[in-house]
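The values are calculated or read from the model by the stated rules, or taken from the named source; none is laboratory data. These figures come from a predicted structure and were not determined experimentally. Note that we place each Cβ from the backbone using ideal geometry, even for glycine, and neighbour counts take in every protein chain shown. We work out accessible area using only protein heavy atoms, side chains counted, and drop any ligands, DNA or RNA first. Shrake-Rupley method; radii C 1.70, N 1.55, O 1.52, S 1.80 Å.
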Amino acid sequence: MSGRRITIGNGTCAQAVGAAAVLAAIRVAAAPDDAVVAVGCDGGCWAQPVLTITDPGQSSQRHEQVEPEQVVAILSGVVPSVQPPTGEQRRTLARCGVAGLDAMDTFRSPAAYAGYAAARSLDPDAVVALVKEAGLRGRGGAYFPIALKWESARRFPTPRYLVVNAEEGEPGAYKDRHLMEGDPHLLLEGIAIAAHAIDCEDVYLYINGQAQMSAAHVGTALAQIEAARADGASWTVQMPRIHLYRGAGGYVCGEESVILNSIEGFKAVPRPRPPLPTEAGLFARPTVISNVETLCSLPAILQHGAAWFREVGTAEYPGTKLVSVSGAVQRPGLYEVPMGVTPRALLDLAGGVPDGRSLQAVVMGGPSGGFLSPDLLDVPLAGGLAHPTGAVLGSGGIVALDQSVSLMAAVRHLAAYNARESCGKCTPCREGNERALAIFDRVEDVAALSDADQAELTALCDVLQFASLCGLGQMSPGPLRSALALFGSRSL
Amino acid sequence: MDRRGYEDLLGDLPHRRDQVLPALHLAHGVMGWLPESAIEAVSRHTFVPLSELYGIISGYSEFRLAPPHTPHIEVCTGLSCLIAGGDAVLATALDLSITVEPIACRFLCGVAPVAMVGGHYYGRLTGPRFSTLVARAEPMP
């Protein structure tokens with residue numbers, strides 16, 4: 001009889017709360033035939049370190065926030081296990097927190113790269129048509145249909161490039177890190193599918209400079225592909241070359257044209273459009289730039305089809321979305337839900353506001369989004385504005401604010417972030433954000449702004465939105481406008 | 001390390017502009033900051049003029065032009081961390097009169113509040129726990 005499979009969450013979040021010591025304790029306490037497996041975070045950051053025990057032929061037992069001293073008792077079976085959380089629709093995250101990281105279990109499973117195999121059995125036109133039918137939209141924040149981007153790039157001659165935006169620099173969003181840490185082969189499979197669709201041989205993967213574990217795990221997965229290629233595995237022959245780049249800080253580096261400059265070795269500032277990257281992007285070649293989560297959605301679409309993908313979500317925005325929920329909630333973490341669910345439902349999924357505290361507002365979309373008051377949380381998740389004053393789903397970060405932070409402090413925080421992160425290339429963003437911040441620094445709360453201050457802020461917001469060169473400046477009025485509109489007349 | 005040392009370090013990288021960022025990372029990794037000798041080596045290796053290279057470097061918040069304070073301690077000041085008690089960690093840093101680098105977000109919001117001490121991130125921090133970690137990193141004078 002084979003032993004138990006014991007997994008321990010060992011992502012960056014788990015390591016920050018003592019997973020290494022728990023793992024060491026498990027290795028000491030486990031039976032010789034037990035398999036001890038480090039896995040990524042399953043999204044339940046709040047519960048880390050998470051330990052699961054699976055006896056052959058039985059369901060898993062789950063233990064949360066495990067301390068090293070508890071390990072012996074847990075492994076001997078005297079500690080009652082807890083029910084795994086429910087209410088999510090786990091597709092993209094299916095293997096996160098399950099697949100082992102040391103040996104990269106996924107790579108050896110029969111299902112590995114089945115989506116890529118399905119894509120290779122089709123010609124590129126058919127792959128584009130399938131993904132178009134599925135209606136997959138970019139999960140980085142713009143929600144542009146990826147198949148249209150592919151079609152646009154395919155109108156121009158090869159060589160074409162695929163650039164993977166894994167910069168993920170929006171405070172309060174950590175989905176791409178979870179995917180790269182917990183299931184790096186899913187990303188590589190998505191990349192291979194997209195490269196096939198646009199007939200591209202060279203892929204540039206641009207990973208945030210601080211996301212060490214993401215880069216390390218993606219690097220290990222890449223090495224496995226290379227080893228399989230060296231062994232003559234036929235399915236690897238057509239895989240694109242993947243060039244790994246690391247960012248070096250700066251929110252603006254998540255802007256797609258900034259990544260192009262950064263890779264090429266120029267200053268990390270945005271480029272004017274036109275030309276669109278699909279016409280003249282990296283090294284002036286046709287380039288498709290995609291977010292990690294978008295690419296990670298592709299393997300399942302190729303495997304299960306467009307109709308399957310459309311079973312969840314809305315007609316306009318099919319599929320699921322990863323949403324990072326943090327702040328004043330009981331269970332902060334990463335949640336995968338169908339597009340179209342509401343922020344209120346997400347807060348409930350995260351356990352709601354802890355007892356004795358009350359919800360003051362929600363920040364959606366971080367410094368590029370805006371505030372929602374508690375009465376506005378029933379708008380379905382979709383692309384575009386969630387509220388006319390600025391809140392957006394964006395890359396999927398929701399921060400619940402309770403009374404422990406004043407709204408004024410929160411507004412200043414976001415405004416100061418945009419002012420600091422402005423790259424300075426265009427005047428509206430460089431000067432406008434500083435001026436807006438200065439106005440907020442003059443008063444104690446949003447309601448105390450004079451009519452003249454409000455008028456100046458409104459004018460500044462218009463200039464920022466319409467005259468800034470890139471998304472950072474264009475979206476920076478969101479926190480200001482939404483705070484003015486929703487809380488301007490309220491005393492704080 | 002002198003310029004020649006950094007040039008040897010960059011040896012294998014192609015002499016092209018698209019190697020500027022990888023070269024800077026490689027050189028930065030030696031000491032955790034970029035001395036002039038390192039920048040000169042990257043400039044010579046990639047044929048990007050020094051004047052332009054400084055502009056490129058200064059656009060990235062994570063490249064340092066001076067050694068970091070030791071022990072290097074970062075405290076996350078993002079909204080999620082502040083709500084979860086990050087202000088208490090900052091207050092403790094103030095009480096201890098230590099130098100900390102405030103960070104906008106380290107993307108560990110699910111285990112907030114977060115600080116980095118001695119190269120390791122710690123989550124669900126309290127003031128007293130932070131104090132213990134700091135004491136372990138360097139004995140107080």
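Quick grid of which residues meet (1) at the interface with chain A (Cβ under 10 Å from one of its Cβ atoms); (2) surrounded by fewer than 22 Cβ atoms within 10 Å (Cβ to Cβ); (3) within 18 Å of the chain's Cα centre (by Cα):
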| site | (1), (2), (3) |
| --- | --- |
| B:Met1 | no, yes, no |
| B:Asp8 | no, yes, no |
| B:Leu13 | no, yes, no |
| B:Val30 | no, yes, yes |
| B:Glu36 | no, yes, yes |
| B:Leu79 | yes, no, no |
| B:Val89 | no, no, no |
| B:Leu94 | no, yes, no |
| B:Pro102 | no, yes, yes |
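Taking the range A:225-249 only, how many residues are open to solvent by 20 Å² or more (accessible area, probe 1.4 Å), of a type outside the set (Lys, Arg) and out of contact with any Leu (no Cβ under 9 Å at 6 or more places or on another chain)? Step through it out loud before you land on a result.
First, pick out the residues of the range A:225-249 that are open to solvent by 20 Å² or more (accessible area, probe 1.4 Å): A:226-227, A:229-235, A:237-238, A:241-244, A:246.
Filter once more, keeping what is of a type outside the set (Lys, Arg): A:226-227, A:230-235, A:237-238, A:242-244.
Now restrict to residues that are out of contact with any Leu (no Cβ under 9 Å at 6 or more places or on another chain): A:226-227, A:230-235, A:237-238.
Within the range A:225-249, residues that are open to solvent by 20 Å² or more (accessible area, probe 1.4 Å), of a type outside the set (Lys, Arg) and out of contact with any Leu (no Cβ under 9 Å at 6 or more places or on another chain) number 10.
Taking the conditions exactly as written (under 20 Å from the mean Cα position of the chain (by Cα) and within 11 Å of chain B (Cβ to nearest Cβ)), does A:Gly424 satisfy them or not? If you could, list the steps in order and put the result at the bottom.
Values: under 20 Å from the mean Cα position of the chain (by Cα): no; within 11 Å of chain B (Cβ to nearest Cβ): yes.
Judged against the criteria, A:Gly424 is not a match.
So, A:Ile398, is that one within 14 Å of chain B (Cβ to nearest Cβ) and either closer than 19 Å to B:Leu82 by Cα or not basic (Lys, Arg) (or both) or not?
Taking the combined requirement at face value, the residue satisfies it.
Here is a check on your reading of the model: is B:Arg106 crowded, with 19+ Cβ neighbours inside 10 Å and of a type in the set (Lys, Arg)?
Values: crowded, with 19+ Cβ neighbours inside 10 Å: yes; of a type in the set (Lys, Arg): yes.
In short, yes.
Results for (1) at pLDDT below 90; (2) within 24 Å of the chain's Cα centre (by Cα), shown as yes or no for each residue.
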| site | (1), (2) |
| --- | --- |
| A:Glu64 | no, yes |
| A:Glu69 | no, no |
| A:Pro80 | no, no |
| A:Pro85 | yes, yes |
| A:Gly97 | no, yes |
| A:Lys132 | no, yes |
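Any residue that is in a loop (DSSP other than H, G, I, E, B) and surrounded by fewer than 19 Cβ atoms within 10 Å (Cβ to Cβ) - is there at least one of those in the range A:422-429?
Here is the first cut: in the range A:422-429, the residues in a loop (DSSP other than H, G, I, E, B) are A:422-426.
Checking the rest, the ones that are also surrounded by fewer than 19 Cβ atoms within 10 Å (Cβ to Cβ) come to A:424.
Scanning the range A:422-429 turns up at least one residue that is in a loop (DSSP other than H, G, I, E, B) and surrounded by fewer than 19 Cβ atoms within 10 Å (Cβ to Cβ).
With the requirement that a residue be in contact with a strand residue (DSSP E or B) (Cβ under 9 Å, 6 or more places away or on another chain), more than 29 Å from A:Leu295 (Cα to Cα) and surrounded by 18 or more Cβ atoms within 10 Å (Cβ to Cβ), what does the range A:378-413 give you?
Correct list: A:Thr389, A:Leu401, A:Val405, A:Leu407, A:Ala410, A:Val411.
Quick test for you: out of A:Asp183, A:Asp199, pick the one residue that is touching a residue at least 40 places away in the same chain (Cβ under 8 Å), farther than 15 Å from A:Ile259 by Cβ and surrounded by 24 or more Cβ atoms within 10 Å (Cβ to Cβ).
Details: A:Asp199 fails: surrounded by 24 or more Cβ atoms within 10 Å (Cβ to Cβ).
Of A:Asp183, A:Asp199, the one residue that is touching a residue at least 40 places away in the same chain (Cβ under 8 Å), farther than 15 Å from A:Ile259 by Cβ and surrounded by 24 or more Cβ atoms within 10 Å (Cβ to Cβ) is A:Asp183.
Can you find, within the range A:292-311, the residue that is farthest from A:Pro338 (Cα to Cα) among those that are in contact (Cβ under 8 Å) with a residue 40 or more places away in the chain and open to solvent by 20 Å² or more (accessible area, probe 1.4 Å)? Write out each step before concluding.
Here is the first cut: in the range A:292-311, the residues in contact (Cβ under 8 Å) with a residue 40 or more places away in the chain are A:292-303, A:305-306, A:309-310.
Add one more test, that the residue is open to solvent by 20 Å² or more (accessible area, probe 1.4 Å), and what stays is A:300, A:303, A:310.
On the way: A:Ala300: 15, A:Gln303: 19, A:Arg310: 10 Å.
Looking at residues that are in contact (Cβ under 8 Å) with a residue 40 or more places away in the chain and open to solvent by 20 Å² or more (accessible area, probe 1.4 Å), I get A:Gln303.
Can A:Leu347 be described as among the aliphatic types (A, V, I, L, M), closer than 18 Å to A:Ser395 by Cα and modelled with pLDDT of 95 or more? Step through it out loud before you land on a result.
Values: among the aliphatic types (A, V, I, L, M): yes; closer than 18 Å to A:Ser395 by Cα: yes; modelled with pLDDT of 95 or more: yes.
In short, yes.
Can you tell which of A:Val78, A:Val66 is crowded, with 21+ Cβ neighbours inside 10 Å and among the β-branched types (Val, Ile, Thr)?
Working: A:Val78 fails: crowded, with 21+ Cβ neighbours inside 10 Å.
Result: A:Val66 is the single residue among A:Val78, A:Val66 that is crowded, with 21+ Cβ neighbours inside 10 Å and among the β-branched types (Val, Ile, Thr).
Starting from residues that are open to solvent by 30 Å² or more (accessible area, probe 1.4 Å) and closer than 13 Å to A:Ala268 by Cβ, keep the ones in the range B:53-70 and report whichever is farthest from the other protein chains (Cβ to nearest Cβ).
Restricting to residues being open to solvent by 30 Å² or more (accessible area, probe 1.4 Å) and closer than 13 Å to A:Ala268 by Cβ, the top hit is B:Ser58.
Got at least one residue in the range A:39-55 being in contact with a helix residue (DSSP H, G or I) (Cβ under 9 Å, 6 or more places away or on another chain) and either charged (D, E, K, R) or modelled with pLDDT under 95 (or both)?
Looking through the range A:39-55, at least one residue is in contact with a helix residue (DSSP H, G or I) (Cβ under 9 Å, 6 or more places away or on another chain) and either charged (D, E, K, R) or modelled with pLDDT under 95 (or both).
Quick one: would you say A:Gly471 is in contact (Cβ under 8 Å) with a residue 12 or more places away in the chain and surrounded by fewer than 24 Cβ atoms within 10 Å (Cβ to Cβ)?
Numbers: in contact (Cβ under 8 Å) with a residue 12 or more places away in the chain: yes; surrounded by fewer than 24 Cβ atoms within 10 Å (Cβ to Cβ): yes.
So A:Gly471 fits the description; yes.
Being surrounded by 16 or more Cβ atoms within 10 Å (Cβ to Cβ) and over 18 Å from A:Gly254 (Cβ atoms): is that true of A:Phe466 here? It would help to see each step written out before you state the result.
Numbers: surrounded by 16 or more Cβ atoms within 10 Å (Cβ to Cβ): no; over 18 Å from A:Gly254 (Cβ atoms): yes.
When the stated conditions are applied, A:Phe466 does not pass them.
Which one of these does B:Glu74 not meet: (1) within 12 Å of chain A (Cβ to nearest Cβ); (2) open to solvent by less than 20 Å² (accessible area, probe 1.4 Å); (3) without any contact (Cβ under 8 Å) to a residue 40 or more places away in the chain?
Only one criterion in (1) within 12 Å of chain A (Cβ to nearest Cβ); (2) open to solvent by less than 20 Å² (accessible area, probe 1.4 Å); (3) without any contact (Cβ under 8 Å) to a residue 40 or more places away in the chain is unmet by B:Glu74, namely (3).
Of all the strands (runs of 3 or more DSSP E) wholly in the range A:30-122, which have at least 1 residues that are small (Gly, Ala, Ser)?
Per the criteria, A:35-39.
Collect the residues in the range A:147-198 that are within 13 Å of chain B (Cβ to nearest Cβ) and part of a loop (DSSP other than H, G, I, E, B), keeping them in residue-number order.
A:Glu167, A:Glu168, A:Gly169, A:Glu170, A:Pro171, A:Gly172, A:Ala173, A:Tyr174
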